[in-house]
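Some notes on the structure that comes next.
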Amino acid sequence: MRNKREYINFILIFIAVISVLLIIEYILLKLIGFNEKNFFLVSLIIILISIFLGLFLSKFSISVLIETNKMLDNLLKETLHELNIPVATILANIKLLKRKETDEKSQKRLDRIEKAAGQLLELYKDMDYYIKKEIQKVNYEVFNLKELIEERILLIEDIKNDIKIYKDLEDIYVKSDKSGFVKVIDNLLSNAIKYNKPNGYIKIVLKNQKLIIEDSGKGMDESELVKIFERYYRADDSQIGHGIGLNIVKSFCDEEKISISIESKKDIGTKIILNLKSILT
């Protein structure tokens, strides 16, 4: 409400200033007489006054915008934090209930609740990244990509089930948006798990200026490959997610000028290759 009043006040002030300038121009021309020379002189004075007042009003409007963005930033941070806590609590309690529940129908109900809560959590993560990216300045830093990948692999130990992970990593230092790269790795690993086969594998190779993530999953045909980076596209509707994970990956790679390519065959698996040449230190 306060910001609305401030914008209305700004518009009223702007109209008042224009009116005053026109009146001043009229009075000056009335006093000194209207001719080409006087008109040029008065116009120059009015332009200088307009520039000064314009700078003042711009500063006023920008300060209002900065304050609004700051309030929005705080509100979003608090809202996202509050959203994460109940979703995580729901998922933790569902796991406890599933261990004790023996009825098959009840187990299926809990599975549906768990999947819905998982979708909320995925949506929260995507929203969190996009919002932070839009309202905060991107922080570029130098980091060891090998260490970052190893950290993210540790975090998926509980969800990879019977999938084996093979690593061939060398130390590669890059300068990039580290938070964005975390999102890229998490999405690629998450997809490699979601769309894998029972007792399948994931191969992660980091060498020769490239990051390669290969899985033994369901794979895709050419018609699916064409759509894979489209927002909200999902190759398998039975899996948790909203289909914006690979869109985030593609957007990040485009911004960082990282070349991304996908090789995939139906029922054989998928290989995603990131060329890191543009961000190497």
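Identify, by number, the condition in (1) part of a helix (DSSP H, G or I); (2) modelled with pLDDT under 95 that LYS146 doesn't meet.
With respect to (1) part of a helix (DSSP H, G or I); (2) modelled with pLDDT under 95, LYS146 is out only on (2).
Taking the criterion of being at pLDDT 80 or above and either surrounded by 11 or more Cβ atoms within 10 Å (Cβ to Cβ) or under 30 Å from VAL174 (Cα atoms) (or both), would at least one residue in the stretch 62-75 satisfy it?
Initial filter on the stretch 62-75 (at pLDDT 80 or above): none.
So far as the stretch 62-75 goes, no, none of its residues is at pLDDT 80 or above and either surrounded by 11 or more Cβ atoms within 10 Å (Cβ to Cβ) or under 30 Å from VAL174 (Cα atoms) (or both).
How many of the residues in the stretch 201-251 are at pLDDT below 95 and among the basic types (Lys, Arg)?
Residues in the stretch 201-251 being at pLDDT below 95 and among the basic types (Lys, Arg): 5 in total.
Take the residues in the stretch 172-200 that are buried (at least 17 other Cβ atoms within 10 Å of the Cβ) and of a type in the set (Phe, Trp, Tyr); name whichever of them is modelled with the highest pLDDT.
PHE181
Could you go through the stretch 126-136 and let me know if any residue there is farther than 29 Å from LYS70 by Cβ and either modelled with pLDDT of 80 or more or open to solvent by less than 50 Å² (accessible area, probe 1.4 Å) (or both).
Going residue by residue through the stretch 126-136, those that are farther than 29 Å from LYS70 by Cβ are none.
The answer is no; no qualifying residue exists.
Which residues, taken from the stretch 259-281, are more than 26 Å from GLY200 (Cβ to Cβ) and either in contact with a helix residue (DSSP H, G or I) (Cβ under 6 Å, 6 or more places away or on another chain) or open to solvent by 40 Å² or more (accessible area, probe 1.4 Å) (or both)?
Passing the criteria: SER259, LYS277, SER278, LEU280, THR281.
Quick check on my filter: what residues within the stretch 208-230 are within 22 Å of the chain's Cα centre (by Cα) and part of a loop (DSSP other than H, G, I, E, B)?
The first filter runs over the stretch 208-230 and keeps only residues within 22 Å of the chain's Cα centre (by Cα), leaving 211, 213, 227-230.
Correct list: ILE228, PHE229, GLU230.
Which one is nearest to TYR124 (Cα to Cα), of the residues in the stretch 91-103 that are assigned to a helix (DSSP H, G or I) and open to solvent by 80 Å² or more (accessible area, probe 1.4 Å)?
Residues of the stretch 91-103 assigned to a helix (DSSP H, G or I): 91-100.
Filter once more, so that each one left must be open to solvent by 80 Å² or more (accessible area, probe 1.4 Å): 95-97, 99-100.
Values: LYS95: 20, LEU96: 23, LEU97: 24, ARG99: 26, LYS100: 29 Å.
Residue satisfying both the conditions and the ranking: LYS95.
Before we move on, is SER176 of a type in the set (S, T, N, Q), part of a strand (DSSP E or B) and either out of contact with any Phe, Trp or Tyr (no Cβ under 8 Å at 6 or more places or on another chain) or in contact (Cβ under 8 Å) with a residue 60 or more places away in the chain (or both)? Step through it out loud before you land on a result.
Details: of a type in the set (S, T, N, Q): yes; part of a strand (DSSP E or B): yes; either out of contact with any Phe, Trp or Tyr (no Cβ under 8 Å at 6 or more places or on another chain) or in contact (Cβ under 8 Å) with a residue 60 or more places away in the chain (or both): yes.
Judged against the criteria, SER176 is a match.
Among the residues of the stretch 151-169, is any in contact with a strand residue (DSSP E or B) (Cβ under 7 Å, 6 or more places away or on another chain) and either acidic (Asp, Glu) or in a helix (DSSP H, G or I) (or both)?
Initially, the stretch 151-169 is screened for residues in contact with a strand residue (DSSP E or B) (Cβ under 7 Å, 6 or more places away or on another chain), giving 153, 163-169.
Those still in the list that are either acidic (Asp, Glu) or in a helix (DSSP H, G or I) (or both) too: 153, 168.
Yes, the stretch 151-169 contains a residue that is in contact with a strand residue (DSSP E or B) (Cβ under 7 Å, 6 or more places away or on another chain) and either acidic (Asp, Glu) or in a helix (DSSP H, G or I) (or both).
The values are calculated or read from the model by the stated rules, or taken from the named source; none is laboratory data. Worth saying up front: this structure is predicted, and the values here are computed from it rather than measured. Using ideal geometry, Cβ is built from the backbone for each residue, glycine included, and neighbour counts are taken over all protein chains shown. The area values use the complete protein model at the heavy-atom level, side chains included, leaving out ligands, DNA and RNA. Shrake-Rupley method; radii C 1.70, N 1.55, O 1.52, S 1.80 Å.
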